[in-house]
Amino acid sequence: MSERLGDDDLHAYVDGLLDQDGRDRVEARLADNPDQALRVRLWQDQNDGLRRLFDPVLDEPIPPRLLPAAIRSHTWQKRRLTALRVAAALALVLAGGGGGWWLRGQSSTEAQVAREALAAHVVYVADQRRPVEVPGSERDQMATWLSKRLGAKMNVPDLSASGYQLVGGRLLPAENGAAALYMYENSLGQRLTLYVRRAPDDGGKDLRFQGRDGTLAGVWTQGPFGCALSGPLPREDLEPLARQVWKQMGAARSS
Amino acid sequence: MADSQLEAQIPGLRRYARALCAGDAALADDLVQDCLERALSRWQSWRGESDLRLWLLAILRNLWLDEVRRRGTRPDLMDVDDCPDALAVAPRQGQALALRDLAGALGRLAPEQREVLVLVGLEGLSYAQVAHMTGAPLGTVMSRLKRGRDRLAQLMHEDGPALRRVK
C-alpha cells in the first residue's frame, strides 16, 4: 500500500485519469505524505483555476462572424484579401536579413532554388480552389509529363505514411527552364510543397534550410535536380520529411 | 449537417483558443474563425471517422502554433499587462486577482508547456491523446506537464505570493 508512487501517478490522480483502485492508493499515500499532498493540491488548484478562468467562455453568446453560415459567406471576402496577404507573405519569406533561417555557406544554386521554391509555395498554398493543375489521382501520368518537361526521370514521392496525401502537381517556369511543383496536404489542411528543377550537382552536400515567417524550405541537390520541400513547419519536423523525399527520389532514379 | 455539428463545437473551441492565447479574446476568436473555415473546406477529409472535437482542437492548435511562430514571440517576453480585463470573471475581488495572475502566468509559459496544461487541465484529454495530437512522445508530454506546472506555480508566486493559491 505504501509502495513508492511516482510523480506520473500523482499527476494522473490530479487529472482524473486513474481508476478507483489507483485513486485509493494515491490517497492513502498522500495521507502519510504532507509534502506530496501539498504539491497535489497546488496542481489541483491550477486545473481549477483554468476552468474558472475559461469555462465562462462557454456561456458567452457566439459572435455572429463565427457562425458557419457567416464563415461560408465570408470566404469570398477573404479571397479578395488573399492577393494582399500573399504579397505580404512573399515579401517576408524572401526578404534577406535578420530573423530568418538562412543558408550558411550555401551554393548560389541552392539559394536560388530555395527562393523560387518558397515563392511558389506561398503563392500556390494560398489557393484553396485550384492549388494544382493535375490532381494527385493522376500520379503516374503527372510523373511522366513532368519528367518529360524537366528532361530527366522523376518519381512523385509518397508521404502518406507521414499523413500527407498528394494533392497534385503543376508545371512552373524557373530561372533555367521548367520546374515541377507537387503539393501535399494532411487531414488538418497543412500543406507542403516539393519544388524540383534542373540544377548543377553541388557534390552531395547535406540538406540546408532557408525561410522565415513560419515557412521553411529544406533544400538539396540530387542528380540533375535541385529540390526543396517547403512547409509551415519547424526545422525538426520538416527535416525528416525532406529526408524521406530525398530517399524516394533517389530510389526512383536508380530504378 | 456540417453546420449544426460545427456550431455545437464553437463554444468549446472558443474556450480552448482563449486559453491557448492566455486570454487574448480577439486573437482567440480569429483563430476559431480560421479553424472553422479550414474545417468547412476539409469536411470531406474528416468524414466522421474520428472524433470531431479532437479534429477541430488539432486544427486550431496548428493555427495557433503558426501564429506563435509567425510572431516569433517567446511567450515569456510577453507583457503580462496585456492580459485583458475580460478575465476578471470571478465575483470576489481576491479571487479575480488570483485568476488574473493565473492568466498572466499562463501567457508567460513556453507554448509547448502551456498547450499541455490546457489540453490536460481544461480540455480533459488523456496524456496519450495529447501525445497523439502534438506528435510528441508520451515521456515528452509528461515532462512538459511537470515542468509547466512547476513553472506556473513559480510565476504565480513571483507575481504575488499571497495570491498563488487560486482558491
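The values are calculated or read from the model by the stated rules, or taken from the named source; none is laboratory data. Given the structure is predicted, the values throughout are model-derived calculations rather than measurements. So basically every Cβ, Gly included, is an ideal-geometry build from the backbone, and we count neighbours across all protein chains shown.
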Whichever residue in the range B:12-21 is small (Gly, Ala, Ser) and closer than 16 Å to B:Arg114 by Cα and, among such residues, is farthest from the other protein chains (Cβ to nearest Cβ): B:Ala17
Residues in the range A:126-168 that are of a type outside the set (A, V, I, L, M, F, W, C) and assigned to a loop (DSSP other than H, G, I, E, B) total 13
In the range B:1-26, residues that are farther than 15 Å from B:Leu60 by Cα, within 16 Å of the chain's Cα centre (by Cα) and part of a helix (DSSP H, G or I) total 0
What number goes with the only condition from (1) among the polar types (S, T, N, Q); (2) modelled with pLDDT of 90 or more; (3) surrounded by 17 or more Cβ atoms within 10 Å (Cβ to Cβ) that A:Ser187 does not pass? (2)
Considering each of A:Arg235, A:Arg243, A:Arg212 in turn, give the residue that is under 18 Å from B:Asp66 (Cα atoms) and surrounded by fewer than 20 Cβ atoms within 10 Å (Cβ to Cβ). A:Arg235
Number of the exception - B:Thr134 against (1) at pLDDT 95 or above; (2) crowded, with 18+ Cβ neighbours inside 10 Å; (3) under 26 Å from B:Ile10 (Cα atoms): (1)
What single numbered condition from (1) in contact with a Gly (Cβ under 6 Å, 6 or more places away or on another chain); (2) farther than 19 Å from A:Val113 by Cβ fails to hold for A:Leu238? (2)
For residues in the range B:108-131 being surrounded by fewer than 20 Cβ atoms within 10 Å (Cβ to Cβ) and over 13 Å from the mean Cα position of the chain (by Cα), which is nearest to the other protein chains (Cβ to nearest Cβ)? B:Ser126
Residue in the range A:201-212 that is of a type in the set (A, V, I, L, M), assigned by TED's automatic domain parsing to the domain that holds A:Gln128, within 30 Å of B:Glu37 (Cα to Cα) and out of contact with any Cys (no Cβ under 9 Å at 6 or more places or on another chain) present: no
Residues of the range B:22-47 that turn out to be more than 9 Å from chain A (Cβ to nearest Cβ) and either touching a residue at least 60 places away in the same chain (Cβ under 8 Å) or closer than 16 Å to A:Asn186 by Cα (or both), as a count: 6
What pairs come out if I take residues in the range A:188-201 that are free of Cβ contacts under 8 Å to residues at least 40 places away in the same chain and pair them with residues that are surrounded by fewer than 24 Cβ atoms within 10 Å (Cβ to Cβ) and small (Gly, Ala, Ser) whose C-beta lies under 6 Å away, six or more apart or interchain? A:Leu188/B:Ala58
Residue identified as in a helix (DSSP H, G or I) and at pLDDT below 90 among A:Leu90, A:Leu53, A:Leu30, A:Leu42: A:Leu90
Which members of the range B:39-64 meet the condition of being at pLDDT below 90 and assigned to a helix (DSSP H, G or I)? B:Leu40, B:Ser41, B:Trp43, B:Gln44, B:Ser45, B:Trp46
Answer with yes or no whether A:Leu216 is more than 16 Å from A:Ala152 (Cβ to Cβ), within 14 Å of chain B (Cβ to nearest Cβ), in contact with a Leu (Cβ under 9 Å, 6 or more places away or on another chain) and among the aliphatic types (A, V, I, L, M). yes
Per-region count, the range A:3-15, residues under 34 Å from the mean Cα position of the chain (by Cα), at pLDDT below 95 and more than 7 Å from chain B (Cβ to nearest Cβ): 1
Tell me, which residue of the range A:109-148 that is of a type in the set (Ser, Thr, Tyr) and surrounded by 16 or more Cβ atoms within 10 Å (Cβ to Cβ) is nearest to the other protein chains (Cβ to nearest Cβ)? A:Tyr124
Just need a number here: residues in the range A:182-205 that are within 21 Å of the chain's Cα centre (by Cα) and within 17 Å of A:Trp246 (Cβ to Cβ). 7
